[in-house]
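Enquirer: Sharing a structure below in structure tokens format, with a few things to ask.
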Amino acid sequence: MSSPAFRSILCSNKPVTLRDALSSAISRLTAANVPSPRMNAELLLIFTLGCDRAYFHAHPERKLSQDEQNRYDQALSERERGMPAQYITGHQEFWGMDLIVTPAVLITRPETEHVVETVLARVGRAPSPADLLRIVDVGTGSGCIALALSKELPNAEIHAADISRSALEVARANAARHQLETRIEFRETDLLKGFDPGSFDFVVSNPPYVGESEADHVQLEVRKHEPRNAVFAGETGLEVIERLIPQARESLKSGGWLVMEISGTIANRVRGMLGGWNEVEITKDLQGIPRVALALRH
């Protein structure tokens, strides 16, 4: 429940200072058990005012207009109901880029940057030289991985595939936003269906890898608001990866690499599924959780 006192502050015709608005918002989100209430209150205030964090700390006595008060109240109400802040603001940062995110796509996580790092570390060992690389991002979602690789490998040919037309619209918008739309070829397809055999140096993916059996352990706001088919793969969490691995083998050149984001829950089973590959490696994220599966096609 939101704070009645805070609602009366925002909904009254009396001007509210940035300091009071932020303080009351933190109390309101704390009472609603929203994680990281200060960070969320600040993020939504930045969104409402179109400023940066330094601005409202430098101008604590600045008054909010009635329209700003109303919009801040609405944003806080949505956050109280569990709507992720990234969907409220429509933005998330990844690899130094500001990306558009909507409920049609998974919210990008910092851990996914390990996928990009893993690809970049193997570029010199790919079958093609860096200026001829062909890379496909399977299940591109917001386009975050494809955009990051396009940014770092300006001469590579990047493909981005997704079964969701709505997700591809977001990915295309992000590519245009960062002037990379001519660098990435988007395709609406199920995994690697329709791509030529033996054509890629890298198959890269952040596939759905959570099992329905784990649903109770997934944050409520993820279960409630993020696209379910981008989070849950099926009962075990391996259903999509089981289909992707043989398709990747077919689509990769000899000496090409498969790089996938995974979770610690399925790491050992994924390693077993890659038994016919070379140089299989599972790397951990900064929290020590198995996060990226890497395998070489011989």
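The values are calculated or read from the model by the stated rules, or taken from the named source; none is laboratory data. No experiment lies behind these values; they were computed from the predicted model shown. A quick note on method: Cβ atoms are made from the backbone with ideal geometry, for glycine too, and the neighbour counts reach across all protein chains shown. In case anyone asks, the SASA skips ligands and DNA or RNA and just uses the protein heavy atoms, side chains included. Shrake-Rupley method; radii C 1.70, N 1.55, O 1.52, S 1.80 Å.
Enquirer: Part of a strand (DSSP E or B), open to solvent by 30 Å² or more (accessible area, probe 1.4 Å) and either touching a Lys or Arg at 6+ places or on another chain (Cβ under 6 Å) or not β-branched (Val, Ile, Thr) (or both), is that true of ARG187?
Expert: Here the answer is yes, as ARG187 does meet what is asked.
Enquirer: Still on this structure, I have one more. Would you please name the residue that is most open to solvent (accessible area, probe 1.4 Å), looking only at residues in the stretch 76-99 that are among the charged types (D, E, K, R) and under 12 Å from the mean Cα position of the chain (by Cα)?
Expert: Start the filter on the stretch 76-99 by keeping residues that are among the charged types (D, E, K, R), which leaves 78-81, 93, 98.
From what is left, the residues that are under 12 Å from the mean Cα position of the chain (by Cα) are 93, 98.
On the way: GLU93: 107, ASP98: 58 Å².
Checking each candidate, the answer is GLU93.
Enquirer: Still on this structure, please answer the following. Would the stretch 48-67 turn up any residue that is surrounded by 17 or more Cβ atoms within 10 Å (Cβ to Cβ), among the aromatic types (Phe, Trp, Tyr) and touching a Ser or Thr at 6+ places or on another chain (Cβ under 9 Å)?
Expert: No: zero hits.
Enquirer: Take the conditions within 26 Å of the chain's Cα centre (by Cα) and part of a helix (DSSP H, G or I) and apply them to LEU45. Does it pass? Walk me through it before giving the result.
Expert: Numbers: within 26 Å of the chain's Cα centre (by Cα): yes; part of a helix (DSSP H, G or I): yes.
Yes.
Enquirer: Which pairs do you get when a residue that is in contact (Cβ under 8 Å) with a residue 24 or more places away in the chain and closer than 22 Å to ARG291 by Cβ, found in the stretch 247-259, comes within reach of a residue that is open to solvent by less than 10 Å² (accessible area, probe 1.4 Å) and of a type outside the set (A, V, I, L, M, F, W, C), reach meaning Cβ atoms under 6 angstrom, with the pair 6+ apart or on two chains?
Expert: GLY256/ASP201
Enquirer: Can you confirm whether the stretch 218-232 contains a residue that is more than 20 Å from the chain's Cα centre (by Cα) and either over 18 Å from VAL292 (Cβ atoms) or of a type outside the set (Lys, Arg) (or both)? Quick ask: steps written out before the conclusion?
Expert: Let us first name the residues in the stretch 218-232 that are more than 20 Å from the chain's Cα centre (by Cα), namely none.
No.
Enquirer: Is the stretch 244-263 home to any residue that is assigned to a helix (DSSP H, G or I), of a type outside the set (A, V, I, L, M), open to solvent by less than 10 Å² (accessible area, probe 1.4 Å) and on the phi < 0 side of the Ramachandran plot? If you could, list the steps in order and put the result at the bottom.
Expert: If we filter the stretch 244-263 for residues that are assigned to a helix (DSSP H, G or I), which is where we start, we get 244-251.
Within this subset, residues satisfying the condition of being of a type outside the set (A, V, I, L, M) are 246-247, 249-251.
Remaining after also requiring open to solvent by less than 10 Å² (accessible area, probe 1.4 Å): 251.
Narrowing the set further to residues that are on the phi < 0 side of the Ramachandran plot leaves 251.
So far as the stretch 244-263 goes, yes, one or more of its residues are assigned to a helix (DSSP H, G or I), of a type outside the set (A, V, I, L, M), open to solvent by less than 10 Å² (accessible area, probe 1.4 Å) and on the phi < 0 side of the Ramachandran plot.
Enquirer: Continuing with this model, one more query. Looking at the stretch 112-151 only, could you name the residues that are in a helix (DSSP H, G or I), open to solvent by 20 Å² or more (accessible area, probe 1.4 Å) and either under 20 Å from PRO290 (Cβ atoms) or of a type in the set (D, E, K, R) (or both)?
Expert: If the condition is that a residue be in a helix (DSSP H, G or I), open to solvent by 20 Å² or more (accessible area, probe 1.4 Å) and either under 20 Å from PRO290 (Cβ atoms) or of a type in the set (D, E, K, R) (or both), then GLU113, HIS114, GLU117, LEU120, ALA121, ARG122, ARG125, ASP131, LYS151 are the ones that fit.
Enquirer: Next question, about the same structure. Restricting attention to the stretch 223-236, and to residues there that are in contact (Cβ under 8 Å) with a residue 12 or more places away in the chain and not in a loop (DSSP other than H, G, I, E, B), which single residue is nearest to ALA85 (Cα to Cα)? Steps first, answer last, please.
Expert: First, pick out the residues of the stretch 223-236 that are in contact (Cβ under 8 Å) with a residue 12 or more places away in the chain: 224-227, 229-236.
This time we only want the ones that are not in a loop (DSSP other than H, G, I, E, B), so: 224-225, 229-234.
Details: LYS224: 14, HIS225: 11, ASN229: 20, ALA230: 18, VAL231: 18, PHE232: 21, ALA233: 25, GLY234: 27 Å.
Selected residue: HIS225.
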